[in-house]
Amino acid sequence: TGTGEAPASLDMILFEDFAEMRAAREAEDRRLIDWVNSLTNDDLRRIVSYSPITMPTKIEQPLGPILSHVFNHQTHHRGQVTTLLSQFGVDVGVTDLTGLPTLRGAFLD
């Protein structure tokens, strides 16, 4: 089972203050990275049951494909944000992961 409180809806506002949201996001990212780094191949094959907020039906899948979806879905939302910013005339810079200097160094560590 997960930890902490689950939002009641996808449009629920969790933080009113950006600095508070950023701190919580960074803490959650660290927790997620540490957890993923602890997983074994057996963990990734383990069947997990869950019910999405948008479709309250029980779903059972191996953990590996669920994690692939979680990480890939973030790409979808980054694309939405960069599109909106570009439409407002904001130069979003490099968006390819391989072009980001901080990630290039991370892949080499």
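Quick notes on this structure:
- Cross-chain or 6+ apart pairs with Cβ under 7 Å, region 47-60 first and over 13 Å from L10 (Cβ atoms), then open to solvent by 100 Å² or more (accessible area, probe 1.4 Å) and outside any strand (DSSP E or B): S49/K58; S51/K58
- When region 4-27 is filtered for residues that are modelled with pLDDT under 90 and open to solvent by less than 100 Å² (accessible area, probe 1.4 Å), the ones remaining, listed by number, are G4, A6, P7, A8, S9, M12.
- Test result for F88, over 21 Å from M12 (Cβ atoms), of a type in the set (F, W, Y) and either under 14 Å from the mean Cα position of the chain (by Cα) or surrounded by 10 or more Cβ atoms within 10 Å (Cβ to Cβ) (or both): no
- Summed over region 33-64, residues that are loosely packed, with under 12 Cβ neighbours inside 10 Å and assigned to a helix (DSSP H, G or I) total 8.
- Test result for A6, closer than 26 Å to P56 by Cβ and small (G, A, S): yes
- Flag for T82 being of a type in the set (S, T, Y) and either open to solvent by less than 70 Å² (accessible area, probe 1.4 Å) or over 18 Å from the mean Cα position of the chain (by Cα) (or both): yes
The values are calculated or read from the model by the stated rules, or taken from the named source; none is laboratory data. What you see is a predicted model, and the numbers here were worked out from it, not measured in a lab. Methodologically, a virtual Cβ is constructed for each residue, glycine included, from the backbone with ideal geometry; neighbour enumeration extends over all protein chains shown. Areas reflect the complete protein model, heavy atoms only, side chains present, ligands, DNA and RNA absent. Shrake-Rupley method; radii C 1.70, N 1.55, O 1.52, S 1.80 Å.
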